[in-house]
1. Given the stretch 147-259, what helices (runs of 4 or more DSSP H) lie entirely inside it while holding 3 or more residues that are within 19 Å of PHE89 (Cα to Cα) and at pLDDT below 80?
2. Contact list please: Cβ distance under 8 Å, first residue in the stretch 225-248 and in contact (Cβ under 8 Å) with a residue 60 or more places away in the chain and closer than 16 Å to GLY96 by Cα, second residue in a helix (DSSP H, G or I) and of a type in the set (D, E, K, R), pairs at least six apart or on different chains.
3. With the checklist (1) part of a helix (DSSP H, G or I); (2) modelled with pLDDT under 80; (3) closer than 24 Å to VAL229 by Cα in hand, flag the one item GLY65 doesn't pass.
Amino acid sequence: MEYFVQNFQAFFLVFVRINAMVVIAPFFSSGMIPFRLKALMSFLFTLVIFPVLGTGTIEVPSSMGSYYLLVIQEIIIGVLIGFLMTIIFAAFQLAGQFFAVQIGFGMTEVIDPLAQVSIPLIGQLKNLIGILVFLTINGHHFLIDAVYRSFQFAPMFSASRGATGGIMKYIVYSFSGMFIVALKISLPVVATIFLVSVSMGILAKVAPQMNIMMLGFPLKIIIAFAVLVLITPLVIRIMRVALERSFEFINGVLVNWPA
C-alpha cells in the first residue's frame, strides 16, 4: 500500500489514460454500464497495470502546471485509442443506415445504448452483432493490452507539427475505411432493393392499374430481410475482418507513435 501512496501522482496518470479509453471505447462506454462501475473498472485495470509498468516509465514533473498538462496529454492518448476503435462500429451503424432508407425504415429510429444517439433499427441490429463479434474475438482484452502497450510506445504525447500530421493521417485512413466497410456490409441488400425498385417501375408501366406503391413497400421489406438472413454469415465475417484490421491499425499507430 505504501508503494501506491508514494507514487500516487504516477498512478493517477495511468488511471487517467485508462479511464479516458474506457469512457470512449466500444463495449466499455455503453450507457447500460453505470459511470461508477466504469470508474471501478478503470481503477482495477490501473491496479494491475501500474506495478508492471514501474515508476520509471512515467516521469512526474515537479511543477503543478506541467503536471496538469501531462494529465491532458494522458487523456488525449486514451481518447485516441478508444476513438480509433469506435470508428469501426460507426461503420456498422452506417451500413444499417444505407439500406434502412431503401426499405422505408429510415423513420423508425431507436436509442443506441452505446452512443446515446438515435439510429435506425437496422443500424442498431448491426451494432449489436458487431458487439457480439467484438467480444467473441476478445476485443475487450485487446483494448486493455493496447492501453498497456501505449505506455511503452507513447510515454509522452508530442504536439509537434509532424506528430499532429501523422496522427491526422491515421484518422483520415480510419474514416475512409469506415465507409468501405459500411459499403461492403450493405451492398448486397442495397443492390437487391435497387433491382426490386427497377422491376416495380417496369411493372408500373406495364400494368398502370395496379397499386405498385402499396404492393412494393411490403415486398421490399420481405425481400430485404430474406437477403439479410442469407448474408448474415458473410456480414459476420466482414465484421470480424474489419475488427481484426482495426486491431492491427491501432498496433501500427502505437508502434509509430511520435514519442
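The values are calculated or read from the model by the stated rules, or taken from the named source; none is laboratory data. Values in this document were obtained by computation on a predicted structure and should not be read as measured data. Note that each Cβ is placed from the backbone with ideal geometry, even for glycine, and that neighbours are counted across all protein chains shown.
1. In the stretch 147-259, 161-206, 232-255 are the helices (runs of 4 or more DSSP H) which contain 3 or more residues that are within 19 Å of PHE89 (Cα to Cα) and at pLDDT below 80.
2. Listed pairs, sorted by first residue: VAL235/LYS126.
3. Tallying (1) part of a helix (DSSP H, G or I); (2) modelled with pLDDT under 80; (3) closer than 24 Å to VAL229 by Cα, GLY65 fails exactly one: (3).
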